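The values are calculated or read from the model by the stated rules, or taken from the named source; none is laboratory data. Everything quoted here is computed from the prediction, not taken from an experiment. All Cβ positions, glycine included, derive from the backbone under ideal geometry; neighbour counts span all protein chains shown. Just the protein is used for accessible areas: all its heavy atoms, side chains included, with ligands, DNA and RNA removed. Shrake-Rupley method; radii C 1.70, N 1.55, O 1.52, S 1.80 Å.
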Amino acid sequence: MSIDCYYGAYARFDTVSKRDAAVLIGSDCIVGDTFDIQFRPYKGSTRAWIVNAFGTDIGFLDEKTSHRLNVLAAREWTLHAILSCVSFTDQPEPGMYWGEVALLCYDRSHESDFDTFVTETAKLIGKGIRPKVDLETQGIASIIQSHGTWQPKQRVPFPDTNKNTAIIKKSRGTLDFLVQKSREGNKGCYVLSWLFLLGLVALVVFALKGCGVF
């Protein structure tokens with residue numbers, strides 16, 4: 001809920017198509033990454049689009065959430081979306097990728113405090129921990145009083161799934177850690193991330209050979 005200077009919520013995003021959603025599977029979209037929010041028309045209405053650090057659209061939010069964020073943007077608030085999970089539903093065919101982001105939006109009068117809160121929240125989400133971000137007055141006050149280091153103890157469950165849906169990303173793994181370090185300029189981790197990927201490819205090929213595919 002929105003109180004004075006802050007709005008937080010977990011929100012589902014959908015993708016345009018299975019093909020367009022390919023970026024979600026790669027290393028350009030890691031759980032815990034903080035994305036931008038942009039507003040553009042889609043199917044007759046203005047939607048909030050989630051855009052990764054490399055300028056690629058990863059999905060759009062529903063009309064109601066998009067409208068709320070657009071109002072906050074008009075008030076010149078800072079808007080962030082943290083990737084919380086990526087899911088795949090195989091019905092109806094050909095299936096679709098979707099996911100959830102944690103929306104953290106705030107008045108710039110307390111930007112430094114909330115910037116720190118966003119960073120700490122992103123770290124938890126990257127570990128597969130989903131802290132409550134829909135905060136009451138006391139929680140918002142605690143963020144400001146602690147200069148962003150306070151975190152709520154309440155946790156939010158992952159989206160419900162069924163036999164047709166699977167969550168394929170909900171925390172960071174070893175490869176994600178290496179990719180993040182390479183983003184920060186660690187060339188050694190960049191090389192290791194590629195070696196890790198090559199090792200996975202070799203393992204898959206070996207398994208397929210064992211099954212007589214090759």
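Is one or more of the residues making up the range 99-106 modelled with pLDDT of 95 or more and more than 21 Å from LYS170 (Cβ to Cβ)? Walk me through how you get there before you give the answer.
Within the range 99-106, the subset modelled with pLDDT of 95 or more is 99-106.
Subset that is more than 21 Å from LYS170 (Cβ to Cβ): 105-106.
Taking every residue of the range 99-106 in turn, at least one turns out to be modelled with pLDDT of 95 or more and more than 21 Å from LYS170 (Cβ to Cβ).
Within the range 40-53, can one find any residue that is among the polar types (S, T, N, Q) and part of a strand (DSSP E or B)? Let's see the steps before the verdict.
Within the range 40-53, the first condition is being among the polar types (S, T, N, Q), and the residues that meet it are 45-46, 52.
Subsequent filtering for residues that are part of a strand (DSSP E or B) retains 45-46.
For the range 40-53, residues among the polar types (S, T, N, Q) and part of a strand (DSSP E or B): present.
Can you name the residue in the range 18-39 that is aliphatic (A, V, I, L, M) and part of a loop (DSSP other than H, G, I, E, B) and is also farthest from LEU104 (Cα to Cα) among such residues? Step through it out loud before you land on a result.
So in the range 18-39, the residues aliphatic (A, V, I, L, M) come out as 21-25, 30-31, 37.
Filter again for part of a loop (DSSP other than H, G, I, E, B), leaving 30-31.
Details: ILE30: 17, VAL31: 15 Å.
Step by step, filter the range 18-39, then rank; the result is ILE30.
Answer with yes or no whether ILE143 is open to solvent by less than 80 Å² (accessible area, probe 1.4 Å) and closer than 24 Å to ARG75 by Cβ.
Numbers: open to solvent by less than 80 Å² (accessible area, probe 1.4 Å): yes; closer than 24 Å to ARG75 by Cβ: yes.
Yes, satisfied.
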